[in-house]
Amino acid sequence: MKLKLAVLPGDGIGPEIVEQAMKAVKAISEKFNHELEYEYGLTGATAIDEVGEPYPEKTHELCMQSDAVLFGAIGDPKFDNNPKATVRPEQGLLLMRKKLGLYANIRPVETFESLLHKSPLRRELVEGADFVAIRELTGGIYFGEKGRKDDGNTAFDTCTYTREEVERIIKLGYEFAMKRNKKLTIVDKANVLESSRLWREIGQEIAPGYPEVTTEFMFVDNAAMQIIQWPKNFDVMVTENMFGDILTDEASVITGSLGLLPSASIGIHTSVFEPIHGSYPQAAGKDIANPIATILSAAMMFEYAFDLKEEGKLIRDAVAASMAANFVTEDIAEGKAYKTSEVGDLIAKWIAEN
Ligand code: IPM
Ligand code: MN
């Protein structure tokens, strides 16, 4: 099969971790005789420095012409403490989501046996937790009307959702639930927000169409508690953009394995696959960052963008083998720690040999 990829390494540790994922992608392509074609594109602070904008048109065209996008991370501390900066790396990410129509961000929350002791939760609470959080990604307060008034002393951001936006993401939630354990938790703040009341109304309309699925409506503040108290009670969770931003970060740390969790953003045009962690600027260039989340994002890419399940599984098996052998980076190593590039090499080699 022909696989045409756009590779956007971005900032910080982005280039190093994406390089390791590309080693795995190349090893898979050779093994399964796929014709791999890929091109690099600029994004984030790196793109601002080189061409003055964080998601240049050229990068967008590359994404549009590709079958999938492999993304590293964006963000640079030089922009974080300057609220007056007019161009910021994050705008590139938001623009990419909007222009590619990536309305669904899918984050599987899984635990890894060997890392349970790193979880901030007691082992018995988190062991076996396994759910998928689906975050709406192109609507809500991130993209609603925003601005300043009263000489700049009053600021506002608006949370707007249309029926169409809510319907498509809730339906996706049900499709996932049907393929899993048939439970969907729709998270909102319908006791306060009108946009949430629209979500709940639409959820109630769609639910009868999926009689096999147990539907649960939950307020976001309660969901924040339940993720900590009963993470094993979730199967599929669907929510709006900003609630999802916050809850998925919370969900990722309870597993003890932030450096291991991948994500897929899917929608209208080309899908994007990226680790859920950020650009970790303190580690940039040191060859110490954990490449596994990005490598697992490549596994999701084979499964979601190309429907190549066996390829995805082989990547997962290779990751599991490196973890079982304790051949991992310093963030999760129990004894000797290996370099980012060594872990990438080992995983690619394992793929070639198995
Ligand atoms: C994420 C990030 C982004 C978001 C930032 C960098 C704009 O936190 O992908 O979750 O808030 O969506
Ligand atoms: Mn976030």
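Annotations
- When 86, 111 are screened for being surrounded by fewer than 16 Cβ atoms within 10 Å (Cβ to Cβ) and not charged (D, E, K, R), only 86 passes.
- Subset of the stretch 246-281 [polar (S, T, N, Q) and within 15 Å of ligand 2 (Cβ to nearest atom)]: 248, 252, 263, 265, 279
- From 86, 59, residue being outside the structural domain of residue 171 (by TED's automatic domain parsing), over 17 Å from the mean Cα position of the chain (by Cα), modelled with pLDDT of 95 or more and of a type in the set (Ser, Thr, Tyr): 59
- Residue that is polar (S, T, N, Q), touching a residue at least 12 places away in the same chain (Cβ under 8 Å), open to solvent by 10 Å² or more (accessible area, probe 1.4 Å) and touching a strand residue (DSSP E or B) at 6+ places or on another chain (Cβ under 7 Å), where the choices are 297, 263, 271: 271
- Residue in the stretch 277-291 that is out of contact with any Phe, Trp or Tyr (no Cβ under 8 Å at 6 or more places or on another chain) and closer than 18 Å to residue 27 by Cβ present: yes
- Residue check, residue 263 touching a Ser or Thr at 6+ places or on another chain (Cβ under 8 Å) and under 17 Å from residue 122 (Cα atoms): no
- All positions within the stretch 275-295 that are assigned to a helix (DSSP H, G or I) and more than 16 Å from ligand 1 (Cβ to nearest atom): 282, 283, 292, 295
- Pairs meeting the criteria (first residue in the stretch 154-166 and in contact (Cβ under 8 Å) with a residue 40 or more places away in the chain, second residue assigned to a strand (DSSP E or B), beta carbons under 9 Å, at least 6 apart or on different chains) are 161/136; 165/136.
- Of all residue pairs spaced 6 or more apart or on separate chains, those with beta-carbon atoms under 6 Å, a first member in the stretch 190-206 that is more than 18 Å from residue 237 (Cβ to Cβ) and a second member that is among the hydrophobic types (A, V, I, L, M, F, W, C) and surrounded by 13 or more Cβ atoms within 10 Å (Cβ to Cβ) are 197/190.
- Complete set of residues in the stretch 114-138 that are within 16 Å of ligand 2 (Cβ to nearest atom) and either outside the structural domain of residue 249 (by TED's automatic domain parsing) or open to solvent by 80 Å² or more (accessible area, probe 1.4 Å) (or both): none
So that you can scan it fast, the table gives a plain yes or no per residue for (1) within 23 Å of residue 76 (Cα to Cα); (2) within 16 Å of ligand 1 (Cβ to nearest atom); (3) under 12 Å from the mean Cα position of the chain (by Cα):
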{"site": "215", "(1), (2), (3)": "no, no, no"}
{"site": "243", "(1), (2), (3)": "no, yes, no"}
{"site": "261", "(1), (2), (3)": "yes, yes, yes"}
{"site": "273", "(1), (2), (3)": "yes, yes, yes"}
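- Here 215, 239, 248 are screened, and the one residue that is farther than 30 Å from residue 290 by Cα and assigned by TED's automatic domain parsing to the domain that holds residue 176 is 215.
- Filter pass, residue 174 being hydroxyl-bearing (Ser, Thr, Tyr) and closer than 18 Å to residue 268 by Cβ: no
The values are calculated or read from the model by the stated rules, or taken from the named source; none is laboratory data. What you see is a predicted model; the values in this text were computed from it and never measured. Because the Cβ atoms are built from the backbone with ideal geometry, glycine has one as well, and the counts that use them run over all protein chains shown. Side chains included, ligands, DNA and RNA excluded: accessible areas come from the protein's heavy atoms. Shrake-Rupley method; radii C 1.70, N 1.55, O 1.52, S 1.80 Å.
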